[in-house]
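Trainee: Pasting a structure here, questions to come.
The values are calculated or read from the model by the stated rules, or taken from the named source; none is laboratory data. Predicted, not measured: the structure shown is a model, and the values here were computed from it. Note that we place each Cβ from the backbone using ideal geometry, even for glycine, and neighbour counts take in every protein chain shown. Ligands, DNA and RNA are stripped out before the accessible areas are found, and what is left, the full protein with its side chains, is counted by its heavy atoms. Shrake-Rupley method; radii C 1.70, N 1.55, O 1.52, S 1.80 Å.
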Amino acid sequence: MTAGFNFLEQPELPAPQVTEAQAEHLLLKHYGINARAESLGSQQDKNFLVLDSDDRPFGVLKVANPAFTEVELAAQDAAAELIAEAEPTLRVAAPLLNLAGESCTAVTGLLDIATAHVRLLPYLPGGTLVGTGHLSPAVVAGMGDLAGRVSRALAGFHHPGLDRALQWDLRVGHDVVETLVSHAGDASHRERLTAAAAAAWARIAPLADELPRQAVHLDLTDANVVAAQAHDGIRRPDGIIDFGDLSDTWAVSELAIALSSVLSHPGATPTSILPGIRAFHAVRPLTAAEADVVWPLLVLRTAVLIVSGAQQAALDPDNAYVTDQSEDEWRMFEQATSVPIDVMTGAVRAELRLTETPTAVSGEPLIAGLDPTTITTLDLSPTSDAYDGAFQPGAWLPADVEDELARAAVRDGASLVVTKFGEPRLTRAPALSQDSPEVIPTGIALWPAETATVTAPWPGVVDRVGDELVLRGGHYELTVSGCDVTAAGDVEAGAPLASAAADRWIEIGIRPAGAPPAPAFTTAELAPGWLVLTRDPAPLLGLAASAPADQRDLLARRDDSFATVQEHYYRRPPQIERGWRHFLMSTSGRVYLDMVNNVAVLGHAHPRVADAASRQLRRLNTNSRFNYEAVVEYSERLTATLPDPLDTVFLVNSGSEASDLALRLAMAATGRRDVVAVREAYHGWTYGTDAVSTSTADNPNALTTRPDWVHAVESPNSFRGKYRGADVGRYADDAVRHVEELVAAGRPPAGFICEAVYGNAGGMALPDDYLQRVYAAVRASGGLAIADEVQVGFGRLGEWFWGFHQQNVVPDIVSVAKSTGNGYPLGAVITSRAVAEAFASQGYFFSSTGGSPLSCAIGLTVLDVLRDEDLQGNASRVGGHLKARLLALRDKHPIIGTVHGIGLYLGVEMIRDQDTLAPATHETAAICDRMLELGVVIQPTGDHQNILKTKPPLCIDVDGADFYVDALDRVLTEGW
Ligand code: PMP
């Protein structure tokens, strides 16, 4: 018996009927506040938002359900104060005092309620997480952290008002579902609810005595936490409201209930809760028993919510709050029951590193008379060398690649070809998929060279379902499919079970007796759960069981040895070890669409480049002081792409080197030191190129630390810069004036350096005539015009091979890199003979590897492939389609301010406000994170890091472009 409220004795609790006028009267009478009260939704209490004369909310008036006693309310107020004190960085809605100095006002004569208990709570600004769309892993972790901190603060809290039995107390959850299920849905719904609750309870009951109890808020869901925007833009919850369910119960309920609400959000899957579990555990460590009941409790909670909501709707049909919730509640339940309970518990254990490595199976050989030394184990992981010849030009892996690789192994003498247990198989990964692909095998496949007999590893009973055989016996169940089953009923160890034909796969699975049947393949997220419920059959072939994956964190090793100022993309980046065309592949078998690699202009791992490099490395690699043909041929081919008088080539290794050399050439040719550059630009990391780089995204101090020879003119940013619309011509006026002022001051510039299309600002075109007018002014003073084509040149713009064509100018010096080597370090400077010769005043020019036979062989192949595959034409066609679709998206999502660029150099600029153009910097970072989850690699650029730099390999096709736009549309619709 409990002293406080007992749900099982009083299961019907309609919310008290109190009007807004009555609430306003209560506020005036008891709190001396003349304010407007606006009714809020609540299942069992009656709540009002209290608004000041400007209609700004400043409080919440709560009329407690009369079923709750004063001592229960006192416990809630004390708990709120305790948490506020223990966790000063949390915002807690503890009651404000009334005119009599009390936190709770007892009101008599309010409608039919004998004594109503009224409290006024401060309004916590920021909003709850309800209706905020998709919850990112960071926000889910924030919910887990908050629940952990509340749990820690309440650990020692005791109060007579905690002694109650609410329907939310999961100790009675199973009873609640049984009692109320009759209100819910139709018969099939009721059956599912009952079955799920029973299955969850079967896991919880045996551990009940091991679960620590304490005071628990019991309702820290998305609706009862308030989130303020943190400095990194993430809305992590830091405020707590509504202590109405506070009870003494299992401590771990706090976590299960908080995380259950994650599942109602769009895009959530069961494993979306894992960051929350990890965060809770970091604050308030879970015991092994608690880790094992978190998911069953969560499942139970979702069933309790549905049956309670259904009952409340029946009781209180006009309570719109109750009826509105039911769709979300079903979504939570569907997600919670989409995966077997034990699988999720396995995933939770793995997340907390509580998994014990299962013991390897042993038994009689699975294939009669086989010599293990003649077995070939096929490596189908993303890092396997087996794929080197398997990828198809212009396409993904062929459907029969596994068969072909097995046949090749048989031709090499294998008696049996075996795949690996638990290792991601790239062959199973679709090229374009928003969902995490099912690539991790929970068993192995065998490909016999000749007909083979599968024999029983242990005695048992054979069952046959279609062409699948199940052998039950001892601790395990063996499944064999894809062969002719010859046995039935009881069999001895070593007895023949089935006949496996040559030249086809048979699938073998082993699971502990009673475990749920595993799907043949699962996702990387669920694999830790399934792999503890399955066993590697390899030891039954005389092979070693596969070793558990290496747990050492690559990022930690990176930080230990690699300078951290060489940043990496993403907080938790996938490990990318393979690329093909416009795809990147992670070691966990996920294939990403690569929208960011402008360097791999032909696409990743282009076979012609690889062949050219390999051939040249076997033949000769030396420096350009030797006389060989490649350096000549490459120089000729480069100059052939350029107008007169750009006929002389220098070869270096990178864009920084190329632009640095371009600056030195200008200085040497003019005998001057000063250089004019545009703001918001990046030209490289060398001393010289860094000096002319003013992009604050690359160096926050850039503008204040320029050496005196650098003169930065206004950023010709026609979208958000100083001049817009009809005024953009004034950028050139200002730049020309700046040049003239330098001349007048006796410091005429050696040159003017500028990207021909403004890549660093998101790929926007410079204002019409900008380069013509600035080049003219610089040249009039005797200076030179340098076009940095490192990002935008080499066909990417589609319509033009070089960016300067867009501006109808011919520069004096062109620097280029990146695309030139398709990722191999190769940069070039192309200028006129006269300017090149002027370098002699500086000595001679030599770069050990610049222009090496290898670089030139690669450079020539890149030019060949660009031509042969018409990649510039593709940039124009696919780029045009992509831009049109992105522009259509802008009409749908106001966060897209504009789409810059042309061809396959596009920039999707994100803004918060159409009028102020306030950059949506944090949003862009979060959008990129979410895009990664949906299978797209995309990153921000620009001084405000608010532009999606959309510059994929030029081989991307319409399907790839559409996949990008569809994923972006989904993120902008569902939230991030
Ligand atoms: N110029 C521009 C316009 C660039 O974008 C970059 C690199 N982002 C460079 C020069 C420097 O090239 P690299 O990184 O090859 O040195």
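Trainee: For the stretch 918-952 and the stretch 510-586, compute the distance between their C-alpha centroids and round to whole Å.
Mentor: 27 Å
Trainee: Along the positive direction of the dipole of the stretch 287-355 (beta-carbon charges: Lys, Arg +1; Asp, Glu -1; about the Cα centre), which of Gln325, Ile341, Val299 reaches farthest?
Mentor: Ile341
Trainee: Next up: Sum up the charges of everything whose Cβ sits under 10 Å from the Cβ of Ser481, counting Lys and Arg as +1 and Asp and Glu as -1, but leave Ser481 out. Each step should come with its number before you reach the end.
Mentor: On the way: positive: none; negative: Asp467, Glu468, Glu507.
Summing Lys and Arg as +1 and Asp and Glu as -1 gives -3.
Trainee: At 222 nm, what helix-only mean residue ellipticity would the chain give, in deg cm²/dmol to the nearest 500, using -39500 (n - 2.57) for each DSSP H run of four or more? Before the final figure, lay out each step's value.
Mentor: On the way: 24 runs with 317 residues, N = 976.
That calculation yields -10500 deg cm²/dmol at 222 nm.
Trainee: Any idea how far the Cα center of the stretch 798-852 sits from the one of the stretch 882-912, in Å?
Mentor: With the stretch 798-852 and the stretch 882-912 each reduced to a Cα centre, they are spaced 31 Å.
Trainee: Could the peptides 890-896, 589-595, 251-257, 633-639 be put in order, highest first, of the mean number of other beta-carbon atoms found within 10 Å of their residues? Each step should come with its number before you reach the end.
Mentor: Working: 890-896: 13.9, 589-595: 25.0, 251-257: 27.3, 633-639: 18.4.
Ranked from most to least packed, the peptides come out as 251-257, 589-595, 633-639, 890-896.
Trainee: Let me ask you something else. Quick check on my link table: of Lys420/Lys949; Lys722/Lys883; Lys818/Lys883; Lys722/Lys949; Lys892/Lys951; Lys62/Lys892, which ones sit more than 29 Å apart, alpha carbon to alpha carbon?
Mentor: Numbers: Lys420/Lys949 39 Å; Lys722/Lys883 26 Å; Lys818/Lys883 23 Å; Lys722/Lys949 22 Å; Lys892/Lys951 23 Å; Lys62/Lys892 40 Å.
Correct reply: Lys420/Lys949; Lys62/Lys892.
Trainee: Give, as a single signed number, the net charge of other residues whose beta carbon lies under 14 Å from the beta carbon of Gly975, with Lys and Arg counted +1 and Asp and Glu -1.
Mentor: Numbers: positive: Arg235, Arg930, Arg970; negative: Asp222, Glu923, Asp929, Glu933, Asp969, Glu974.
With Lys, Arg at +1 and Asp, Glu at -1, the neighbours total -3.
Trainee: Same structure, new question: Where does each of 503-509, 243-249 land if you order them by average Cβ count within 10 Å, highest first?
Mentor: Numbers: 503-509: 19.3, 243-249: 24.6.
Going from most to least packed, we get 243-249, 503-509.
Trainee: Something else about it: Could you tell me what percent of the accessible area of the chain is made up of carbon and sulfur, with a 1.4 Å probe and every protein chain present?
Mentor: Details: 19570 of 38720 Å².
So the carbon and sulfur contribution to the accessible surface is 51 percent.
Trainee: Looking at the P(r) of the stretch 693-743, how many percent of alpha-carbon pairs lie beyond 17 Å? Spell out each step's value before the answer.
Mentor: Numbers: 604 of 1275 pairs.
Of all Cα-Cα pairs in the stretch 693-743, 47 percent lie more than 17 Å apart.
Trainee: In square nanometres, what is one fourth of the surface area of the convex hull spanned by the alpha carbons of the stretch 82-139?
Mentor: On the way: hull surface 27.8 nm².
With every direction weighted equally, the projected area is 7.0 nm².
Trainee: Provide, in order from the shortest bin, the percent of all Cα-Cα pairs of the chain in each 20 Å bin, continuing until the bin that contains the maximum pair distance.
Mentor: The calculated distribution, bin by bin, is 12, 33, 31, 20, 4, 0.
Trainee: Let me ask another. Tyr387: net charge of surrounding residues, Cβ under 10 Å, Lys/Arg +1, Asp/Glu -1, itself excluded? Intermediate values should be presented prior to the final figure.
Mentor: Working: positive: Arg578; negative: Asp379, Asp385, Asp388.
Once positives and negatives cancel, what remains is -2.
Trainee: Hey, another quick one. Quick check on packing: order 823-830, 88-95 by the mean number of other C-beta atoms within 10 Å, highest mean leading. Don't jump to the answer; show the numbers that get you there.
Mentor: Details: 823-830: 24.8, 88-95: 17.9.
Most protected by this proxy first, the peptides run 823-830, 88-95.
Trainee: Provide the descending list of Cα extents for the stretch 831-914 along its principal axes, expressed in whole angstroms.
Mentor: Cα extents, longest axis first: 58, 34, 23 Å.
Trainee: Mind grabbing the base-10 log of I(q)/I(0) for the stretch 420-478 at q = 0.25 Å⁻¹? Debye formula, identical points on the C-alpha positions, no solvent, two decimal places.
Mentor: -1.08
Trainee: For helix 288-315, what angle does its Cα long axis make with the longest principal axis of the chain, in degrees from 0 to 90 and rounded to 10?
Mentor: Once rounded, the angle reads 70 degrees.
Trainee: Please compute the Kirkwood hydrodynamic radius of the stretch 331-410 from all pairs of different C-alpha atoms, in Å with one decimal. Could you put the intermediate results ahead of the total?
Mentor: Numbers: mean 1/r = 0.0570 Å⁻¹.
About 17.5 Å, per the Kirkwood formula over Cα pairs.
Trainee: As a test question: what accessible area, to the nearest 10 Å², does Val958 have when a 1.4 Å probe is rolled over all protein chains in place?
Mentor: Approximately 60 Å² for this residue.
Trainee: Starting from the coordinates of the alpha-carbon atoms of the stretch 549-645, obtain the Kirkwood hydrodynamic radius over all distinct pairs and give the value in Å to one decimal.
Mentor: Working: mean 1/r = 0.0573 Å⁻¹.
For the stretch 549-645, inverting the mean 1/r across all distinct Cα pairs yields 17.5 Å.
Trainee: Oh, and also: What is the magnitude of the charge dipole of the chain about its Cα centre, with +1 placed on the Cβ of each Lys and Arg, -1 on the Cβ of each Asp and Glu, and no other charges, expressed in debye to the nearest 20?
Mentor: On the way: 74 positive and 123 negative charges, 537 e Å.
In debye, rounded to 20, the chain gives about 2580.
Trainee: Using the heavy atoms of the protein chains and a 1.4 angstrom probe, tell me the accessible area per residue for the chain in square angstrom.
Mentor: Working: 38720 Å² over 976 residues.
With all protein chains present, the chain gives 40 Å² per residue.
Trainee: Report the equivalent ellipsoid semi-axes for the stretch 109-169 in whole Å, largest first, defined as the square roots of five times the eigenvalues of the gyration tensor built from alpha carbon atoms. Before the final figure, lay out each step's value.
Mentor: Details: eigenvalues 182, 86, 31 Å².
The answer is 30, 21, 13 Å, longest axis first.
Trainee: Put +1 on the Cβ of every Lys and Arg and -1 on every Asp and Glu Cβ in the stretch 384-531; which of Pro459, Ala495, Val410 then has its Cα farthest towards the positive end of the dipole?
Mentor: The one lying farthest along the dipole's positive direction is Pro459.
Trainee: Residue farthest toward the positive end of the dipole of the chain, with Cβ of Lys/Arg at +1 and Asp/Glu at -1: which of Trp530, Val18, Pro393?
Mentor: Of Trp530, Val18, Pro393, it is Pro393.
Trainee: State the Cα centre-to-centre distance between the stretch 727-797 and the stretch 373-418 in whole Å.
Mentor: So the two Cα centres are separated by 54 Å.
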